[in-house]
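Take a look at the structure below.
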Amino acid sequence: MPQITLPDGSKRDYEGPVTIAAVAESIGPGLAKAALAGRVNGELVDTSYTIDTDANLAIVTERDDDGLEVLRHSCAHLMAQAVQRLFPKAQVTIGPVIEDGFFYDFSFHRPFTPEDLVEIEKTMQEIVKENHEVERSVLGREEAIALFKEMGEEYKVEIISSIPGDEPLSFYKQGEFIDLCRGPHVPNTGKFKAFKLTSVAGAYWRGNSDNEMLQRIYGTAWASKQDLKDYLQRLEEAEKRDHRKLGKQLQLFHFQEEAPGMPFWHPKGWTIYQTIQDYMQQKQRAHNYLEINTPQLVDYSLWEKSGHAAKFSEEMFSVESDSRMYAIKPMNCPCHVQVFNQGLKSYRDLPMRLAEFGSCHRYEPSGSMHGLMRVRSFVQDDGHIFCTEDQIQTEVADFMDLLFEVYRDFGFDDIILRLSTRPEKRVGSDEIWDEAEKALTDALNATGLEWQLQPGEGAFYGPKIEYSLKDCMGRTQQCGTIQVDFFTPGRLGAEYVTEDSSRKTPVMLHRAVLGSFERFIGVLIEHYAGAMPTWLAPEQAVILNITDRQAEYCGKLEESLKNKGFRAVSDLRNEKIGFKIREHTLQKIPYLLVVGDKEVESGTVAVRTRGGEDLGTMTFEDFCDHLNQDIARFGRS
């Protein structure tokens with residue numbers, strides 16, 4: 001006679017084994033209709049799951065995050081069923097849930113077209129109306145392999161054959177479609193209210209470029225048509241803000257095949273880059289960091305000593321010269337330990353804070369690269385703090401002060417903090433891990449902000465805090481991190497003299513605020529839709545003449561603005577003033593200074609903003625004061 005405890009603490013007794021669907025029905029017909037799945041003692045399961053002992057139960061509906069995930073997972077199956085109904089020779093491979101949606105990979109003799117997506121979506125709607133029950137079953141390995149061989153599903157046979165162990169496998173059937181899956185899934189295909197197929201792309205089987213190219217169809221599913229509409233509007237806005245398009249439009253950077261994944265910075269983009277670097281140098285000096293620079297090409301043996309070669313060899317570029325093998329630096333940490341090791345250090349020298357704008361290279365598969373967001377060549381605002389165990393909390397707290405200052409200045413106030421704790425496989429004693437995790441926890445609690453725990457997600461050498469900022473569209477971008485490392489300094493021979501004259505290995509804190517300049521600039525471009533705050537804008541003011549009579553005066557204004565440290569340009573082309581205003585507005589220059597005969601006579605400028613606001617006529621000095629005030633607001637313009 002199982003007793004079910006619900007989330008509100010109430011208890012319900014049942015005479016015998018009972019399904020989650022039956023529990024929902026006993027509570028009320030509204031809940032029964034809304035139920036998509038259930039959580040039994042924390043485990044997410046189907047509504048057909050039978051409870052035969054006392055248990056805690058939460059009914060999952062579309063209002064829950066879990067419910068949305070179940071909807072999307074099930075919608076991937078709905079799409080696969082529609083594809084095979086339309087194209088019987090298409091083979092299904094894998095179809096996971098991703099952020100805001102799902103995808104499924106298919107093997108088919110030709111690429112799917114946009115017209116195909118329209119037909120697939122129509123067929124999905126038909127299957128929804130057919131309201132098929134979604135039935136779970138369990139099969140043994142041999143039976144499952146035989147089933148899919150008979151169906152001609154070669155990829156499913158390969159997947160099943162590669163799954164370790166000999167436990168039976170679960171399958172889900174809806175109408176004529178059956179697929180291998182852990183589940184859970186919605187009770188029936190009538191549960192889908194709002195979905196959309198968004199795109200199609202190529203994807204290698206199991207991510208290996210040596211394998212067949214499959215067809216990947218992406219889609220999204222939501223609890224309501226309004227949610228779907230809102231999401232599609234966000235997608236449209238994201239498309240307008242795509243940093244790759246804006247980078248080309250604003251002449252900031254480009255990529256080309258001769259250097260895949262490695263940006264070519266144009267003068268305007270490099271101005272943004274240098275402005276950020278100058279700013280970070282100033283901030284780091286204020287927090288007592290010592291800036292260094294280390295080689296980009298280092299003997300491979302150092303990476304073997306540090307352990308990076310064993311774990312990241314496939315991501316490293318290497319080159320042979322003079323019978324020696326070198327690695328192009330994929331990260332900066334081992335090189336920073338070499339700087340620390342020069343000269344014997346005392347406990348009085350700690351903490352030692354080293355910072356480098358370190359140029360790194362990592363191999364990223366061609367299919368995973370995405371503009372500035374994921375590249376092969378990048379520069380980190382990298383830093384390593386060598387300290388004692390007692391100094392961890394203080395150093396983490398100081399780093400967070402620095403990080404929040406920087407994020408605020410760039411216009412980001414909504415920061416998500418996550419603490420990743422010890423994984424199952426790790427180095428160091430539990431006592432040291434206890435101390436490190438407590439130091440990070442205390443530092444997080446001292447902020448007064450909410451933070452999330454990620455148990456077991458720490459690195460093998462120590463726990464870490466991840467900092468993700470939310471952009472203007474609510475997307476999270478993980479940028480900053482601080483990691484405690486008990487492992488690398490010892491492997492590379494780092495030590496210091498303690499107060500009692502003994503030798504001890506320092507703790508190493510890996511930290512970054514921006515993460516990489518490339519990715520952070522990509523985030524900024526999309527957050528501001530290319531209209532950078534005035535202090536970051538590559539060109540802060542453009543001077544526009546109406547006729548040739550004002551050319552000399554415009555030239556003097558440009559020179560005077562540059563002498564005061566402003567980034568100014570003139571446009572003296574023989575074009576209509578409306579044309580020039582529109583062009584430079586599209587180039588998102590913060591201030592447009594229009595000069596006609598009247599302004600020359602009075603020694604003034606007519607000031608407009610890129611947003612179309614007319615600020616009126618100002619003297620040169622008044623405009624300089626206005627520009628200075630705007631720049632001083634850092635990230636708030």
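Side notes on the structure shown:
- Accessible area expressed per residue, region 401-460, with surrounding protein chains retained (probe 1.4 Å, Å²): 52 Å²
- Computed about the Cα centre, the dipole magnitude for region 483-621 is approximately 320 debye when only Lys and Arg (+1) and Asp and Glu (-1) carry charge, each at its Cβ.
- Theoretical FRET efficiency, 1/(1+(r/R0)^6), r = Cβ-Cβ of THR53 and SER502, R0 56 Å, to 0.05: 0.45
- Whether region 250-339 is rounded, prolate or oblate, judged on the alpha carbon gyration tensor where a/c under 1.5 counts as rounded: oblate
- Histogrammed with a bin width of 5 Å, the alpha carbon distances of region 360-481 distribute as 2, 9, 17, 20, 19, 17, 11, 5, 1 percent, first bin at zero.
- The 3J(HN,Hα) values that the Karplus relation (6.51, -1.76, 1.60; θ = phi - 60°) gives for region 60-68 are, in residue order, 9, 10, 5, 6, 8, 4, 4, x, 5 Hz. Gly and Pro appear as x.
- Cross-link partners of LYS345 among lysines (Cα-Cα below 18 Å; sequence separation of 8 or more within a chain): LYS504
- At R0 = 56 Å, FRET efficiency that the Cβ-Cβ distance of ALA397 and LYS598 yields, to 0.05: 0.45
- Separation between Cα centres of region 88-123 and region 443-512, rounded to whole Å: 41 Å
- DSSP bridge pairs, region 388-477: antiparallel proportion in percent, nearest 5: 75 percent
- Taking one quarter of the surface of the convex hull spanned by the alpha-carbon atoms of region 49-92 gives a direction-averaged projected area of 4.7 nm².
- Pairs exceeding a 31 Å alpha-carbon distance, out of LYS240/LYS283; LYS229/LYS576; LYS156/LYS329; LYS248/LYS470: LYS240/LYS283; LYS229/LYS576; LYS156/LYS329.
- Here's the list of lysines a cross-link from LYS425 could span, going by alpha-carbon distance under 18 Å and ignoring same-chain residues fewer than 8 apart: LYS311, LYS464.
- Backbone phi angles across region 613-627, fed through the Karplus curve with coefficients 6.51, -1.76 and 1.60 (θ = phi - 60°), yield HN-Hα couplings of 6, 8, 8, x, 8, 10, 6, 4, 5, 5, 5, 4, 5, 4, 5 Hz in residue order; Gly and Pro are listed as x.
- Stokes-Einstein translational diffusion, region 538-616 - Kirkwood Rh over all Cα pairs, 1.002 mPa s, 20 °C, in µm²/s: 174 µm²/s
- For GLU583, GLU135, the ranking by accessible surface with the largest value first comes to GLU135, GLU583, using a 1.4 Å probe.
- Sorting the segments 72-78, 160-166 by their residues' average number of neighbouring beta-carbon atoms within 10 angstrom, most packed first, yields 72-78, 160-166.
- Remark on VAL60: its backbone amide H falls under 5 Å from those of LEU36, ALA37, GLY38, ARG39, a criterion applied only to residues 5 or more positions apart or on other chains, H modelled at 1.01 Å from N.
- Virtual spin-label span in nm between GLU167 and ASN293, 7 Å along Cα→Cβ: 5.5 nm
- For the chain, the longest principal axis of the Cα atoms and the long axis of helix 517-527 meet at an angle of about 80 degrees.
- Measuring between their Cα centroids, region 67-86 and region 5-51 lie 24 Å from each other.
- Over all projection directions, the Cα-based convex hull of the chain averages an area of 37.6 nm².
- Sequence-distant residues sharing a close amide H with SER570 (under 5 Å, placed H): ILE543
- Annotation for LYS562 and ASP622: the two label points, set 7 Å from Cα along the Cα-Cβ direction, are 2.7 nm apart.
- Descending semi-axes in whole angstrom, ellipsoid equivalent of region 150-224, from the Cα gyration tensor: 25, 21, 11
- Here the Karplus curve 6.51 cos²θ - 1.76 cosθ + 1.60, taken at θ = phi - 60°, turns the phi angles of region 304-312 into couplings of 6, 5, 6, x, 5, 4, 5, 9, 10 Hz, with x standing for Gly and Pro.
- Rolling a 1.4 Å probe over the protein heavy atoms of region 1-100, with every protein chain left in place, gives an accessible area that is 49 percent carbon and sulfur.
- Taking 0.36 nm per residue of sequence separation and removing the Cα-Cα distance, the LYS225/ASP442 pair yields an extension gain of 73.8 nm.
- Surface analysis of region 1-91 yields an accessible area of 49 Å² per residue, using protein heavy atoms and a 1.4 Å probe.
- Between LEU586 and CYS472, the contour length at 0.36 nm per residue exceeds the Cα-Cα span by 39.0 nm.
- For THR19, the residues 5 or more places off, or on other chains, whose built amide H falls under 5 Å of its own are ILE51.
- Angle in degrees between helix 141-151 and the longest Cα principal axis of the chain, rounded to the nearest 10: 80 degrees
- Cβ-Cβ FRET estimate between LEU232 and GLU450, R0 fixed at 30 Å, reported to 0.05: 0.50
- Region 495-637, accessible surface, carbon-and-sulfur percent (1.4 angstrom probe): 47 percent
- Angle of helix 392-409 to the longest C-alpha principal axis of the chain, folded into 0 to 90 degrees and rounded to 10: 70°.
- Computed lengthening from GLU405 to ARG491, 0.36 nm per intervening residue step minus Cα-Cα distance: 27.5 nm
- Translational diffusion coefficient (Stokes-Einstein; Kirkwood radius from C-alpha pairs) of region 74-218 at 37 °C, 0.692 mPa s, in µm²/s: 209 µm²/s
- Each label was represented as a point 7 Å from its Cα along the Cα-to-Cβ direction; for GLU575 and GLU258 these points are 2.9 nm apart.
The values are calculated or read from the model by the stated rules, or taken from the named source; none is laboratory data. Note that the structure is predicted; figures quoted are calculated from it, not measured. Quick reminder, even Gly has a Cβ in these numbers, built from the backbone with ideal geometry, and neighbours come from all protein chains shown. We work out accessible area using only protein heavy atoms, side chains counted, and drop any ligands, DNA or RNA first. Shrake-Rupley method; radii C 1.70, N 1.55, O 1.52, S 1.80 Å.
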